[in-house]
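Below you'll find the structure, written out as C-alpha cells, and then a few comments.
No value in this document is a laboratory result; all are computed from the given coordinates. Nothing here was measured: the structure is a model prediction, and the numbers come from that model. Note that each Cβ is placed from the backbone with ideal geometry, even for glycine, and that neighbours are counted across all protein chains shown.
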Amino acid sequence: MSTNFYKSTFSGGDQTCVEVAHTSGAVLIRDSKYNGPANEQPIISIPTLLWPPLLDLALSNESGAVGNATITVHSDASATVAAQGIALVYNADEWDAFMKGIANGEFYRRS
C-alpha cells in the first residue's frame, strides 16, 4: 500500500479538503490546509478494521465515536475529526465533499 494522500473528486481546486492515505494496517487522515513543516503535520491514524465504521459515521452526518476516534458535526455543517490528541477541523464545504466522496465509494481501501 502506498502512503500517497488523495482527496474526494468532489473537493474544489483550492486545496482545502480531507485527505486520506491507505497503509497496510491503517488509514491516515490529514487536513490539506496545514501549512507548517511537513514533518509536524497532524495526521490521525485509524486502524483498517475501524475505517468502514468511521466512514459510515461520517456519512450519517451525526456526531459519534468509533474506537478512539470521534467525529463532531457542528451546527454550521463543519466537522471535527479527533483522535490521539489531534483534532482536524473541516469547514462545511470540505466536509460535504468528503461525505459525497464516501457515498461515491472513493475512500474505501484501494488495491
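Any idea which of T48, A79, N35 is furthest toward the positive side of the dipole for segment 18-103, if Lys and Arg beta-carbons carry +1 and Asp and Glu beta-carbons -1? Projecting each Cα onto the dipole axis, the largest value belongs to T48.
Taking Cα centre as origin and charging only the Cβ of basic (Lys, Arg, +1) and acidic (Asp, Glu, -1) residues, the dipole magnitude of segment 18-103 rounds to 200 debye. Taking a ≥ b ≥ c as the square roots of the eigenvalues of the alpha carbon gyration tensor, the chain is rounded, as a/c is under 1.5.
Rounded, prolate or oblate for segment 67-111? Axes are the square roots of the Cα gyration tensor eigenvalues, ordered a ≥ b ≥ c, and the cut-off for rounded is a/c under 1.5. Note, shape of segment 67-111 comes out oblate.
Per-residue ellipticity at 222 nm from helix content only, as computed over the chain with -39500 (n - 2.57) for each DSSP H run of at least four residues, stands at -6000 deg cm²/dmol.
Computed 3J(HN,Hα) for segment 45-61, one whole-Hz value per residue from the Karplus formula 6.51 cos²θ - 1.76 cosθ + 1.60 where θ = phi - 60°, is 10, 10, x, 3, 5, 8, 5, x, x, 5, 4, 4, 4, 4, 5, 5, 6, glycine and proline marked x.
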